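Participant: Here it is, the structure, as structure tokens.
Nothing in this text is a laboratory measurement; each read-out follows from the coordinates by a stated rule. Please read all numbers here as calculations on a predicted model, not as lab measurements. Neighbour counts are summed over all protein chains in view; Cβ atoms, including those assigned to glycine, are modelled from backbone coordinates with ideal geometry.
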Ligand SMILES: [Mg+2]
């Protein structure tokens, strides 16, 4: 089981990279409206680097925590700018949260999502309403915790998480940016979805696909 869980997590990062490649132009377009238009490229570089590092890992011996910390290092080494330290911190926190765990049950997945969310929020010193990826990760983490507390089955758990992430991304459309490059255009950011929020919701959708499939196998 532990080998399968480790491989599922590595597969999740592969699927995330494939998604980012497919959405690269779209994400850069979103960023072009309120930022410098490089978000798709940044995410592409980051996730390709994660998978290059994961390819060097012996997945028969690696733990879930190893996969996450490798992802953190790979992302940070490839992406120095804003998004880099945010996801690197999120993944590093998730590595800690998964330490000693060998299965990706819903409790582990909740810990992982909460750790990513907390890492991003604390590293970026951001909160909900800032029009950033925090507006996606935080509600997703809350949804996971609530679904776990209500003992929901895996399909309902992931449906709640994905729905909260999607709603969070959509909500950034009516927010005014106060952080990062988008803050320079302030009111002009109104009406545009934050690119970091958009990519976050896509990552969470892929996470759900990859890890729910794992449970059903
Ligand atoms: Mg940018």
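Participant: Which value in Å is the Kirkwood Rh of region 104-148 over different Cα pairs?
Facilitator: It works out to 10.5 Å.
Participant: Fewest Cβ neighbours within 10 Å first, please rank 207, 133 accordingly.
Facilitator: Least to most surrounded, the residues fall as 207, 133.
Participant: Could you give the length gained by full extension between residue 61 and residue 103, i.e. 0.36 nm per residue of separation minus their alpha carbon distance, to one decimal place?
Facilitator: Difference between extended and current length: 13.7 nm.
Participant: For region 1-105, count the residues as N, evaluate 2.2 N^0.38 Å, and divide the Cα radius of gyration by that value, please.
Facilitator: So the Cα radius of gyration is 1.10 times the expected 2.2 N^0.38 Å.
Participant: Where does each of 61, 92, 101 land when they are ranked from fewest to most other beta-carbon atoms within 10 angstrom?
Facilitator: 61, 101, 92
Participant: Continuing with the same structure: Please tell me the relative contact order of region 3-216 in percent, rounded to the nearest whole number, where contacts are Cα pairs under 8 Å and at least six residues apart.
Facilitator: Values: 373 pairs, mean separation 47.0, N = 214.
Contact order relative to length: 22 percent.
Participant: Here is a further query. Per residue of the chain, what 222 nm ellipticity follows from adding -39500 (n - 2.57) for every DSSP H run with n ≥ 4, rounded to the nearest 500? Mind dumping the intermediate values first?
Facilitator: Working: 8 runs with 154 residues, N = 217.
Estimated from H runs of four or more residues: -24500 deg cm²/dmol.
Participant: Something else: Quick check: residue separation of residue 51 and residue 170 times 0.36 nm, minus the Cα distance between them. What number comes out in nm?
Facilitator: 40.0 nm
Participant: Relative to the longest principal axis of the chain, what angle (0 to 90°, nearest 10) does the C-alpha long axis of helix 154-171 take?
Facilitator: 10 degrees
Participant: Can you pull a Stokes-Einstein diffusion coefficient for region 69-119 at 20 °C (1.002 mPa s), Rh from Kirkwood over Cα pairs, as a whole number of µm²/s?
Facilitator: Translational diffusion coefficient: 197 µm²/s.
Participant: Determine how many Å³ per residue the convex hull of the Cα atoms of the chain encloses.
Facilitator: Given the Cα convex hull of the chain, per-residue volume reads 97 Å³.
Participant: How far is helix 106-124 tilted, in degrees, relative to the longest principal axis of the Cα atoms in the chain, given as a value from 0 to 90 rounded to the nearest 10?
Facilitator: Taking the Cα atoms of the chain, the angle to 106-124 is about 40 degrees.
Participant: Determine the distance separating the Cα centre of region 194-214 from the Cα centre of region 109-180; give it in Å without decimals.
Facilitator: For region 194-214 versus region 109-180, the Cα centre distance is 11 Å.
Participant: Here is a follow-up. Can you tell me the length gained on complete extension of the stretch residue 14 to residue 149, counting 0.36 nm per residue apart and subtracting the Cα distance?
Facilitator: Additional length available on full extension: 45.6 nm.
Participant: Order 34-41, 62-69, 192-199, 174-181 from most to least packed using the mean count of other Cβ atoms within 10 Å.
Facilitator: The packing order, highest mean first, is 192-199, 62-69, 34-41, 174-181.
Participant: Could you list 157, 75 in order of exposure, starting from the residue whose Cβ has the fewest other Cβ atoms within 10 Å?
Facilitator: Working: 157 24, 75 27.
Fewest-to-most Cβ neighbours within 10 Å comes out as 157, 75.
Participant: If you take the C-alpha gyration tensor of region 112-217, multiply each eigenvalue by 5 and take the square root, what semi-axes do you get, largest first, in whole Å?
Facilitator: 27, 13, 11
Participant: Under a crude label model (7 Å from the Cα following the beta-carbon direction), how far is residue 25 from residue 81 in nanometres?
Facilitator: Roughly 2.1 nm, to one decimal.
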